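Structure, as structure tokens:
FYI, it's all coordinate maths here, none of it is from the lab. Since the structure is predicted, the reported quantities are computational estimates derived from the model, not experimental observations. With ideal geometry, Cβ positions are generated from the backbone for all residues, glycine too; neighbour counts draw on all protein chains shown.
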Amino acid sequence: MTSWKSQRRIWDISQTLRPGLPVWPGDTNFSFERTWRMEDGSPVNVGRMTMSTHSGTHADAPLHYAADGADAASLEFDPYIGECLVIDARNVTGDIDVGDLPDLESADRVLFRTFESFPHGEWREDFKAIEADAIRWMAVQGVKLIGTDAPSVDPQNSKTMDAHKAILAEDMRILEGLVLDDVPAGRYELIALPLKIAGGDAGLCRAILRELT
Ligand SMILES: Nc1ccccc1C(=O)C[C@H](N)C(=O)O
Ligand SMILES: [Zn+2]
Ligand SMILES: [Zn+2]
């Protein structure tokens, strides 16, 4: 038998898609059901899912926050694969601002851990967002992708979407809903490819971090 054990340690930073997955208030719940069942005599099991494009761990496509923005199927690979810096922002009070940022070590991709423990079982309205100034500051430093364990880079009640707009203006990319509980701050290889959904305003991701060589 082939052994699939990786030489380098891998952290799964994806939420598990399942019924009961916390979703943005008012958005579509995640559901999964079997349409063909082996116990009913089918030669195979086949399922069907219903979900929001922003379920669990996902990448926002620019189309989510710009009417003429790129859809999920048009997203480039490069922002979603490569070296990243995980920042521990658990002790930040309020939203993440420029003064909360450590030395970014020339990272192209930055992921923020804000939760002490990821809320797998409940929706948390009080998540930490990211200030537009902090986004612009990261852009100046060369950051191309911003990720967070929070469900959005803007506060839940935002009407102005300042962080998303700053990200649009800087042509950066976004990952939301990462699970970083077991990941010490530092540098990793990120792999988080969004699903290729034509017209999609976001793409669900299986996101992992891999130990660097
Ligand atoms: N599902 C929604 C319904 C209404 C308003 C926002 C959302 C979001 O999912 C926000 C989000 N994840 C974001 O990209 O910031
Ligand atoms: Zn989103
Ligand atoms: Zn977003």
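Pull up the range 61-72, narrow it to residues that are in contact (Cβ under 8 Å) with a residue 40 or more places away in the chain and touching a Pro at 6+ places or on another chain (Cβ under 9 Å), then point me to the one that is nearest to ligand 3 (Cβ to nearest atom).
The extreme case among them is 61.
Identify all residues within the range 156-202 that are within 14 Å of residue 65 (Cα to Cα), among the small types (Gly, Ala, Ser) and within 16 Å of ligand 2 (Cβ to nearest atom); write none if there are none.
The answer is 158, 163, 166, 199, 200, 202.
Take residue 121 and tell me if it is closer than 22 Å to residue 30 by Cα and not aliphatic (A, V, I, L, M).
So residue 121 fits the description; yes.
Restricting attention to the range 147-162, which residues are crowded, with 20+ Cβ neighbours inside 10 Å and near ligand 3 (Cβ under 10 Å from one of its atoms)?
Answer for the range 147-162, where residues must be crowded, with 20+ Cβ neighbours inside 10 Å and near ligand 3 (Cβ under 10 Å from one of its atoms): 148, 150, 151, 152, 153, 154.
For the range 45-83, give me the residue count where each residue is more than 10 Å from ligand 2 (Cβ to nearest atom), within 24 Å of residue 118 (Cβ to Cβ) and among the acidic types (Asp, Glu).
Qualifying residue count, the range 45-83: 1.
So which residues in the range 16-52 are part of a loop (DSSP other than H, G, I, E, B), away from ligand 3 (no atom under 15 Å from the Cβ), touching a Ser or Thr at 6+ places or on another chain (Cβ under 8 Å) and closer than 27 Å to residue 77 by Cβ?
Result: 17, 21, 30, 51.
Could you check, for the range 88-100, whether at least one of its residues is in contact with a Pro (Cβ under 9 Å, 6 or more places away or on another chain), surrounded by fewer than 23 Cβ atoms within 10 Å (Cβ to Cβ) and within 26 Å of residue 206 (Cβ to Cβ)?
yes
Can you tell me which residue in the range 11-28 is surrounded by the fewest Cβ atoms within 10 Å (Cβ to Cβ), limited to those that are within 16 Å of ligand 2 (Cβ to nearest atom) and among the hydroxyl-bearing types (Ser, Thr, Tyr)? Before the answer, list the steps.
Of the residues in the range 11-28, the ones within 16 Å of ligand 2 (Cβ to nearest atom) are 13-15, 17, 21-28.
From what is left, the residues that are among the hydroxyl-bearing types (Ser, Thr, Tyr) are 14, 28.
Numbers: 14: 18, 28: 13.
Among those that are within 16 Å of ligand 2 (Cβ to nearest atom) and among the hydroxyl-bearing types (Ser, Thr, Tyr), it is 28.
Identify all residues within the range 53-89 that are assigned to a strand (DSSP E or B) and either within 12 Å of ligand 1 (Cβ to nearest atom) or not small (Gly, Ala, Ser) (or both); write none if there are none. Give the steps one after another, and end with the answer.
Going residue by residue through the range 53-89, those that are assigned to a strand (DSSP E or B) are 58-60, 81-88.
Within the range 53-89, 58, 59, 60, 81, 83, 84, 85, 86, 87, 88 qualify.
Within the range 7-21, count every residue that is in contact (Cβ under 8 Å) with a residue 40 or more places away in the chain and more than 19 Å from residue 112 (Cβ to Cβ).
The qualifying residues number 6.
Do we find that residue 206 is surrounded by 15 or more Cβ atoms within 10 Å (Cβ to Cβ), farther than 20 Å from residue 130 by Cβ and of a type in the set (Lys, Arg) in this structure?
Working: surrounded by 15 or more Cβ atoms within 10 Å (Cβ to Cβ): yes; farther than 20 Å from residue 130 by Cβ: yes; of a type in the set (Lys, Arg): yes.
So residue 206 passes the test.
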